[in-house]
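The values are calculated or read from the model by the stated rules, or taken from the named source; none is laboratory data. Computed from a prediction, not measured in an experiment: that's the story for all the values here. Here the Cβ positions follow ideal geometry from the backbone for every residue, glycine too, while neighbour counts run over all protein chains shown.
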Amino acid sequence: DATIWKPDSCQNCRCHGDIVICKPVVCRNPQCAFEKGEVLQIAANQCCPECVARTPGSCHHEEKIHGHGTEWASSPCSVCSCTHGEVQCTPQPCPPLLCGHQELEFIPEGSCCPVCVGPGKPCSYEGRVFQDGEDWPLSPCAKCVCRNGVAQCFTAQCQPLFCNQDETVVRVPGKCCPQCSSRSCSAPGRVYEHGEQWSENACTTCICHQGEVRCHRQSCPPLRCKKGQKRAQRPGQCCEECVSPAGSCLHNGIERYQDEMWKGSACEFCMCDRGQVTCQTGECAKVECAQGEELIHLDGKCCPECISRNGYCAYEENAEFMSSNASEVKHIPEGEKWADGPCNVCECRRAQVTCYEPSCPPCPVATLAQVVKGRCCPDCTSVHCHPDCLTCSQSPDHCDLCRDPTKMLRNGRCVHSCGLGFYQAGALCLACQPQCSTCTSGLECSSCQPPLLMQHGQCVSTCGDGFYQDRHSCAACHESCAACWGPTEKHCLACRDPFQVLREGGCKSSCGDGFYNKQGTCSACDQSCKSCGPSSPRCLTCTEKTVLHDGKCLSECAGGYYADATGKCKVCHNSCASCSGPTASHCTACSHHRALRQGHCVRDCGKGFYADHGVCKACYSSCLTCVGPEPSHCTQCKKPEEGLQVKQVPGANLTSGECLSQCRAQFYLENTGLCEGQNLVFCQNLEVIPACLGISSTED
């Protein structure tokens, strides 16, 4: 599915499910300057022409002009080229031929390349002479071989065919043997067989599948045309294009547009230029094929192309099922012929092996067909067959027909029932395929030899794509599954539609909330996420009461981050340890050596504040600076006339106290703003002890 390939240089094919859509290559106009001597030339193994300058030395051959360095097919068996005005024609290259002992090379009538023939007498057949060993077709499914003057004819071997009740026998064009086919499809105007494909229009291709019509419609991308352009649908194309209506041409009833190029014939290219149609003949560039390739001229193509000679048939002879020494699959080169036993001949044609058996007349009743060594057809001799036999062959007790019409024939014996390993086909008991335990026809098993599994009437070692193992058989997956482990749309292991994803066993258009796409399979996001992805488990959105941080959903943002209005964690300002917003004024906590003051992180809380576990708090109202909230925690006073009455704490270096309008007894206000204690020695020397100590002068 979705494979793109080119069956030849002028076609592009694509597989859509079980429908093949092929479109011709559309060549662009290379805009050659024909008036300056340029010509259209098709490069080797290409489809579309390009502009090349005409080199001097063109050639005239069979009323046509060919440029220097070009090559063309003059007849089915010769290739001509032009070199500096001189035409040189050579036989078409043939594959190497190695004939056996006493064999001769001979070119048959209507062929280009020789074949090996024998030294014996030729044969005359219907007015034509054929060499010894040469073969010729009587029809697509019959041929004759000349063997030393005697024409021996063969017909293609076909296995007995017994179809199921819901199948019919059909003859497929190009095939010698009939086939069983599922139900046909009725479409307007005609009936299509199973597997047959047709186009309803340029956009829709359909196929008949077991009586059901399946169609694929090509979708067209949205189209927006520039000013002055219009939409137009070119012949054979599905989607509209933007074209310029100016300078369009009408050619053979079809409207063509400016600079459009199309094929008039195999080698003729026509162009529309300002309302005028001109047609030019394209020249073929010289083609040199690599080793293992040959030059062929496909019908409807202008130039010959190189194709590989390495076509082959895959052929397995005398294959024994599940044998330890399994037969080898041979790769037989295209066109090779070989003997299959003493009488049958096989050949590889168009990657398919067809084997032919000699046409022998049947023996009359009451005679025995006896094989004679060295002869392909048996002799008919009178003999008494076994009493059960109406006719016999090989031996008197090997029946060809039973005397009792109620009995069936199994391996030359007349029996009442076929038994295991055989199935009834009219009056015959035929062997099932070796891999079948029981069967209803030579094509389908009804049960398989262990450990094989039943799939659509065939025994397989493993269930193929679109099937799952159900005990001893393979059952079909739901139509949405490419692979599965059960029958419903919830049992998928892979999706048939490449644009769908696998979610919890079902194929969906998208993974949806709570899942992300991991190589086509929806994996669950982290349980904290509301949504994640698109191709990784990282959260994109979170459930209520959680915030998004680094692809994960958390109950709160980590340190140094805050939750914005959308629930995403954003980094704080670099001055904050934690915050409520993005700026330096949104801090809620600070790092070491900083303190929080009115949303800012500061190195110093400043006047009127003190640091308490990283937060700036207001001093008591009388303090200018402080170390705590109490009146006794001041380190400077707000009012200059007040004095700081220090309360010295034993072992503490910090000086703090209370701001007083008047220092306490035995203290005085120093110009440092501190209430200092008295110096007794100093007071005694000045003889002002009473005043200094605040003692009345009347006392001793």
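Those strands (runs of 3 or more DSSP E) of region 462-506 in which at least 3 residues are under 30 Å from Gly533 (Cβ atoms), considering only elements entirely within it, cover 481-484, 492-495, 501-503.
Every residue, every condition in (1) within 20 Å of Arg28 (Cα to Cα); (2) surrounded by 14 or more Cβ atoms within 10 Å (Cβ to Cβ), yes or no:
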position: Arg217; (1), (2): no, no
position: Lys230; (1), (2): yes, no
position: Gln237; (1), (2): yes, yes
position: Lys263; (1), (2): yes, yes
position: Cys272; (1), (2): yes, yes
position: Gln280; (1), (2): yes, yes
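Applying the set (1) of a type in the set (D, E, K, R); (2) on the phi > 0 side of the Ramachandran plot; (3) modelled with pLDDT of 50 or more to Glu670 leaves exactly one unmet item: (2).
Scanning region 464-482 for residues that are surrounded by 13 or more Cβ atoms within 10 Å (Cβ to Cβ) and over 25 Å from Phe499 (Cβ atoms) yields Gln469, Asp470, His472, Ser473, Cys474, Ala475.
So for region 8-18 (the condition being touching a Leu at 6+ places or on another chain (Cβ under 7 Å), closer than 28 Å to Pro498 by Cβ, assigned to a loop (DSSP other than H, G, I, E, B) and in the same structural domain as Leu295 (by TED's automatic domain parsing)), does at least one residue qualify? Lay out the reasoning, then the answer.
Restricting attention to region 8-18, the residues satisfying the condition of being touching a Leu at 6+ places or on another chain (Cβ under 7 Å) are 8.
Then drop every residue that is not closer than 28 Å to Pro498 by Cβ, which leaves 8.
Still in the list and also assigned to a loop (DSSP other than H, G, I, E, B): 8.
Of the ones still in play, those that are also in the same structural domain as Leu295 (by TED's automatic domain parsing) are 8.
Within region 8-18, one or more residues are touching a Leu at 6+ places or on another chain (Cβ under 7 Å), closer than 28 Å to Pro498 by Cβ, assigned to a loop (DSSP other than H, G, I, E, B) and in the same structural domain as Leu295 (by TED's automatic domain parsing).
Residue-level check: of (1) over 19 Å from Cys346 (Cβ atoms); (2) at pLDDT 80 or above; (3) not basic (Lys, Arg), Cys153 misses just (1).
Within region 360-378, restricting attention to residues that are farther than 25 Å from Ala142 by Cα and surrounded by 15 or more Cβ atoms within 10 Å (Cβ to Cβ), the residue that is modelled with the highest pLDDT is Leu368.
Taking region 27-37 on its own, how many of its residues are in a loop (DSSP other than H, G, I, E, B) and surrounded by fewer than 16 Cβ atoms within 10 Å (Cβ to Cβ)? Steps first, please.
Filtering region 27-37 down to residues in a loop (DSSP other than H, G, I, E, B) leaves 27-33, 37.
Those still in the list that are surrounded by fewer than 16 Cβ atoms within 10 Å (Cβ to Cβ) too: 28, 31, 33, 37.
The total comes to 4.
Out of all the residues in region 426-438, which are closer than 18 Å to Val169 by Cβ and part of a strand (DSSP E or B)? The answer is Leu428, Leu430. Listed conditions (1) modelled with pLDDT under 85; (2) assigned to a loop (DSSP other than H, G, I, E, B); (3) of a type in the set (Ser, Thr, Tyr) are all met by Thr381, apart from (2). Scanning region 508-522 for residues that are touching a Ser or Thr at 6+ places or on another chain (Cβ under 8 Å) and surrounded by 20 or more Cβ atoms within 10 Å (Cβ to Cβ) returns Phe515, Tyr516.
Annotation note: of Cys553, Cys601, Cys542, the sole residue that is assigned by TED's automatic domain parsing to the domain that holds Cys522 and in contact with a Lys or Arg (Cβ under 6 Å, 6 or more places away or on another chain) is Cys542.
Over 30 Å from Pro173 (Cα atoms) and surrounded by fewer than 17 Cβ atoms within 10 Å (Cβ to Cβ): is that true of Cys113 in this structure? Spell out the reasoning first.
Values: over 30 Å from Pro173 (Cα atoms): no; surrounded by fewer than 17 Cβ atoms within 10 Å (Cβ to Cβ): yes.
So Cys113 fails the test.
Checking Cys208 against (1) within 29 Å of Cys445 (Cα to Cα); (2) at pLDDT 85 or above; (3) not in a strand (DSSP E or B), which single condition isn't satisfied? (3) is the only condition that Cys208 fails. Note on region 398-429: among residues that are loosely packed, with under 13 Cβ neighbours inside 10 Å and out of contact with any Ser or Thr (no Cβ under 9 Å at 6 or more places or on another chain), the one that is modelled with the lowest pLDDT is Gly426. So, Cys675, is that one part of a strand (DSSP E or B) and either within 26 Å of Leu596 (Cβ to Cβ) or at pLDDT below 90 (or both) or not? In short, yes.
What residue, among those in region 438-449 that are touching a His at 6+ places or on another chain (Cβ under 9 Å) and at pLDDT 85 or above, is surrounded by the most Cβ atoms within 10 Å (Cβ to Cβ)? Steps first, please.
Restricting attention to region 438-449, the residues satisfying the condition of being touching a His at 6+ places or on another chain (Cβ under 9 Å) are 444, 447-448.
Filter again for at pLDDT 85 or above, leaving 447-448.
Working: Ser447: 16, Cys448: 22.
Looking at the filtered set, the residue picked out is Cys448.
In region 605-632, the residues that are within 15 Å of Leu660 (Cα to Cα) reach residues that are crowded, with 16+ Cβ neighbours inside 10 Å and of a type in the set (Val, Ile, Thr) with C-beta atoms within less than 9 angstrom, at least six apart or across chains, in these pairs: Cys623/Thr635; Leu624/Thr635; Thr625/Thr635; Cys626/Thr635. Within region 384-397, the set of residues being assigned to a strand (DSSP E or B) and surrounded by 18 or more Cβ atoms within 10 Å (Cβ to Cβ) comprises Cys389, Thr391, Cys392, Ser393.
The lone criterion from (1) touching a residue at least 40 places away in the same chain (Cβ under 8 Å); (2) buried (at least 20 other Cβ atoms within 10 Å of the Cβ) left unmet by Cys495 is number (1). Looking only at residues of region 277-304 that are at pLDDT 85 or above and either closer than 23 Å to Glu240 by Cα or in a loop (DSSP other than H, G, I, E, B) (or both), we find that the one that is farthest from the chain's Cα centre (by Cα) is Val277.
Total residues in region 198-215 satisfying the condition of being out of contact with any Lys or Arg (no Cβ under 7 Å at 6 or more places or on another chain), exposed (fewer than 15 other Cβ atoms within 10 Å of the Cβ) and not hydrophobic (A, V, I, L, M, F, W, C): the figure is 4. Listed by first and then second residue, the pairs linking a residue in region 230-243 that is more than 22 Å from Thr205 (Cβ to Cβ) to a residue that is among the small types (Gly, Ala, Ser), with Cβ atoms under 7 Å apart and 6 or more places separating them unless they lie on different chains, are Val243/Ala232.
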